[in-house]
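Worksheet: one structure, shown below.
The values are calculated or read from the model by the stated rules, or taken from the named source; none is laboratory data. Small disclaimer: the values here were computed from a predicted structure and weren't measured. Cβ sites come from the backbone with ideal geometry, for glycine too, and all protein chains shown count toward neighbours.
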Amino acid sequence: MLKFLSQLFNSSHPSKAVETNTMKKFLIVGLGNIGEKYENTRHNIGFKILDHLAKKEDLNFETQKLGDLTSYKFKGRTFILLKPSTYMNLSGKAVLYWLNKEKIAPENLLIITDDLNLPFGSIRLKTKGSDGGHNGLKDIQEKLNTTKYNRFRFGISSKFNKGSQVDYVLGEWDEEECDNLPERLDKSVELIKSFGTAGINNTMNSFNGK
């Protein structure tokens with residue numbers, strides 16, 4: 001009888017079950033530009049990190065509306081990985097579409113992007129902030145109508161001469177960077193998993209500056 005009443009009670013509150021499931025879904029968006037010529041550029045670190053995670057977990061991306069997607073289950077959580085196909089400057093369109101389609105809570109969104117203001121390989125996780133002149137973040141901010149969304153900034157440093165910023169950002173990693181990237185990519189994958197399982201605050205404490 002107690003078991004029956006328990007089942008009856010739970011079935012009368014389907015919204016609570018849906019809410020619980022929603023909170024266990026995460027949208028992880030790596031920013032980048034589509035096309036082979038951009039594949040190994042610094043600006044495409046968002047794509048590169050998600051590709052690294054997919055390779056480690058034997059995942060395959062599928063081309064869907066506004067991007068390439070795959071999903072990954074870990075410790076009871078579902079991570080939906082998105083590489084927008086809109087080009088960097090229109091990333092917000094894909095982010096908003098998949099947030100709504102998958103019914104993912106805004107606090108479970110994580111945007112991965114490059115950052116010129118951080119040394120190479122440095123990690124900084126934030127819950128809000130300006131776009132910092134980054135066109136991808138600017139479009140996301142405009143489409144979501146808020147600056148309060150989680151972003152994972154991966155440092156690419158600013159080792160370029162005056163006037164050559166665009167060439168540097170859209171340039172490929174140098175030899176030293178390529179040697180150090182694998183370890184930094186592994187650390188980035190750990191951060192993503194921590195974001196979904198340990199929460200944003202614990203993850204910031206554990207990974208920022210590491």
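Quick notes on this one:
- Scanning the range 138-174 for residues that are within 18 Å of Ile49 (Cα to Cα) and surrounded by fewer than 13 Cβ atoms within 10 Å (Cβ to Cβ) returns a single hit, Asp174.
- Candidates Leu53, Leu66, Leu31 - the one that is at pLDDT 95 or above, closer than 19 Å to Glu183 by Cα, surrounded by 18 or more Cβ atoms within 10 Å (Cβ to Cβ) and aliphatic (A, V, I, L, M): Leu53
- Residues located in the range 143-163, provided they are charged (D, E, K, R) and in a loop (DSSP other than H, G, I, E, B): Lys148, Lys159, Lys162
- Test: residue in the range 178-185 that is of a type in the set (Asp, Glu), crowded, with 16+ Cβ neighbours inside 10 Å and not in a loop (DSSP other than H, G, I, E, B): no
- In the set (1) touching a helix residue (DSSP H, G or I) at 6+ places or on another chain (Cβ under 8 Å); (2) more than 17 Å from Pro84 (Cβ to Cβ); (3) part of a helix (DSSP H, G or I); (4) modelled with pLDDT of 95 or more, the condition left unmet by Ile140 is number (2).
- Residue match in the range 164-173 (condition: within 15 Å of Leu118 (Cα to Cα), in a strand (DSSP E or B) and without any contact (Cβ under 8 Å) to a residue 60 or more places away in the chain): no
- Condition check for Gly92: modelled with pLDDT under 95 and either crowded, with 19+ Cβ neighbours inside 10 Å or not in a helix (DSSP H, G or I) (or both): no
- Members of the range 106-137 that are surrounded by 15 or more Cβ atoms within 10 Å (Cβ to Cβ), of a type in the set (Gly, Ala, Ser) and either part of a helix (DSSP H, G or I) or at pLDDT below 95 (or both): Gly136
- Flag not set for Tyr97, criterion: crowded, with 21+ Cβ neighbours inside 10 Å, touching a residue at least 12 places away in the same chain (Cβ under 8 Å) and not basic (Lys, Arg).
- Residue that is farthest from Ile111 (Cα to Cα), among those in the range 124-154 that are touching a residue at least 40 places away in the same chain (Cβ under 8 Å) and acidic (Asp, Glu): Glu142
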